[in-house]
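Every number here is computed from the coordinates shown, using simple stated rules; none is lab data. Note that the structure is predicted; figures quoted are calculated from it, not measured. Here the Cβ positions follow ideal geometry from the backbone for every residue, glycine too, while neighbour counts run over all protein chains shown.
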Amino acid sequence: MLMANIKTAQDIQYMREGGALLSRALQAAIDLVKPGVKMHELDAIAKNVIEEGGGKPSFLGYKGGGQIPFPSTVCISRNHEVVHGVGTRDIALEEGDIVGLDIGCWYKDLCTDMAVTVPVGNVREEHLKLMRDTRASMYAGVDAAIAGKMVSDISGAVEDAIDQKTYGIVKALVGHGVGHAVHEPPNIPNYRAKRFGDSTLAVGMCIAIEPMITLGTHKVQEADDGWTIVTVDGKHAAHFEVTIAITEKGPEILTPQPEVQI
Ligand code: MG
């Protein structure tokens, strides 16, 4: 295990403050969600809240694979878009959409990361259930994040919370360590995956747990814009994410989840 990924009490305190700021920024965007609102309007208000609070958006300008810097503060991903949708698009949300809002910020040189999927107006029951079940699987993963257990215990808890007769668990993208960088080791897959290796969870580790669940196949692909990840079969997907610290008392959520009625 890399000791650099163990955070001090001071680091965690800064991430707690940054996570609270991030949660406020996300809430401000959620409060604007309704049919007709443009994605870029949600992005602008979230950016403003982060900057007014002394933070800095961490996705904006981020180079994932070393190509195009990410163009927005929030990843906004609608319906069959799973994650990494560009938030500055001039696209209006429509009644019945489900919209993933994923956001990260730097605060006092530490970063936090979180996401929620929200309904736009009246949404079909199967899509609401997809969102509820995805959120529940995230909390199952959080509850398994206990010092001395393994990363694979988190992965198994998420996987076991998802009925794979109904849903696909996205395998190509995974949760991750977070804090000194936007993405740090270890990978936190949302299923039992041998290819990512395994490691022991320790006090002071900070990780982002983020199940991405679909109503069809687990298979995803990149859209033509070079960023947005979409389902191959065009079925809807949901995404929830929290940053947590592993403490002596158990997992602590550093990015309080907004209350979303689903
Ligand atoms: Mg993340």
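Step through the residues of the range 19-28 one at a time and calculate ³J(HN,Hα) from phi using the Karplus curve (6.51 cos²θ - 1.76 cosθ + 1.60, θ = phi - 60°), rounding each to whole Hz and writing x for Gly and Pro.
x, 5, 4, 4, 5, 5, 5, 5, 4, 4
Using 7 Å Cα-to-Cβ label points, what is the Asp163/His183 separation (nm, one decimal)?
Result: 3.2 nm between the two label points.
Between Glu52 and Ala223, what's the calculated FRET efficiency when r is the beta-carbon distance and R0 is 30 Å? Round to 0.05. All intermediate terms of the calculation are to be shown ahead of the outcome.
On the way: r = 32 Å, r/R0 = 1.07.
The pair Glu52/Ala223 has a calculated efficiency of 0.40.
Helix-only estimate, please: 222 nm mean residue ellipticity of the chain, summing -39500 (n - 2.57) across DSSP H runs of length 4 or more and dividing by its residues, to the nearest 500.
-8500 deg cm²/dmol
For the chain, modelled as a Gaussian network with Cα springs under 10 Å, which listed residue fluctuates most, Val82, Val37, Val174?
In this elastic network of the chain, the residue with the biggest mean-square fluctuation among Val82, Val37, Val174 is Val37.
Net charge near Gly204, counting Lys/Arg +1 and Asp/Glu -1 over other residues with Cβ under 9 Å of its Cβ? Show your work: numbers first, answer last.
On the way: positive: Lys7; negative: Asp11.
Neighbourhood net charge equals 0.
What full-extension length gain, to one decimal in nm, is calculated for Val232 and Ala202 as 0.36 nm per residue of separation minus the Cα-Cα distance? Each step should come with its number before you reach the end.
Working: separation 30, 0.36 × 30 = 10.80 nm, distance 3.66 nm.
That works out to 7.1 nm of additional length.
Just to be sure I understand: with springs between alpha-carbon atoms less than 10 Å apart, which residue in Leu42, Leu110, Leu32 has the highest mean-square fluctuation in the Gaussian network model of the chain?
With Cα springs under 10 Å in the chain, the top fluctuation among Leu42, Leu110, Leu32 is at Leu32.
Amide H to amide H under 5 Å from Gly168: which residues, 5+ apart in sequence or cross-chain, H placed 1.01 Å off N in plane?
Thr214, Leu215, Gly216
Loop only per DSSP, at most 13 neighbouring Cβ atoms within 10 Å: give me the trypsin sites (Lys or Arg not before Pro) in the range 90-139, ordered by residue number.
Counting only loop positions with at most 13 other Cβ atoms within 10 Å, the trypsin sites (Lys or Arg not before Pro) in the range 90-139 are Arg124.
For Thr228, list long-range residues whose amide hydrogen, built 1.01 Å from N in the peptide plane, is under 5 Å from its own amide hydrogen.
Distant-sequence amide H within range of Thr228: Val86, Ala223.
Please state the relative contact order of the chain as a whole percent: Cα pairs under 8 Å, 6+ residues apart?
Here the relative contact order equals 23 percent.
Only four residue types carry charge here, +1 at the Cβ of Lys and Arg and -1 at the Cβ of Asp and Glu. Report the dipole size of the chain about the Cα centre in Debye, rounded to the nearest 20. Show your work: numbers first, answer last.
Numbers: 24 positive and 34 negative charges, 80 e Å.
About 380 debye.
Using 1/(1 + (r/R0)^6) with R0 = 30 angstrom and r between the beta carbons of Lys149 and Lys38, what's the FRET efficiency to the nearest 0.05? List each step's numbers first, then the result.
Numbers: r = 43 Å, r/R0 = 1.45.
It comes to 0.10.
Kirkwood Rh, the chain, all Cα pairs: how many Å? Before the final figure, lay out each step's value.
Working: mean 1/r = 0.0556 Å⁻¹.
It works out to 18.0 Å.
Can you compute the label reach from Ala9? Point 7 Å from Cα along the Cβ direction, backbone N cut-off under 20 Å, restricted to the range 189-217.
202-207
If you take the alpha carbon radius of gyration of the range 52-135 and divide it by 2.2 N^0.38 Å, what ratio comes out, to two decimals? The partial results should precede the final answer.
Details: Rg = 14.3 Å, N = 84, 2.2 N^0.38 = 11.8 Å.
Ratio of Cα Rg to 2.2 N^0.38 Å: 1.21.
As an exercise, use a Förster radius of 41 Å and the Cβ-Cβ distance of Lys63 and Glu248 to find the FRET efficiency, rounded to the nearest 0.05.
Numbers: r = 36 Å, r/R0 = 0.89.
The computed FRET efficiency comes out at 0.65.
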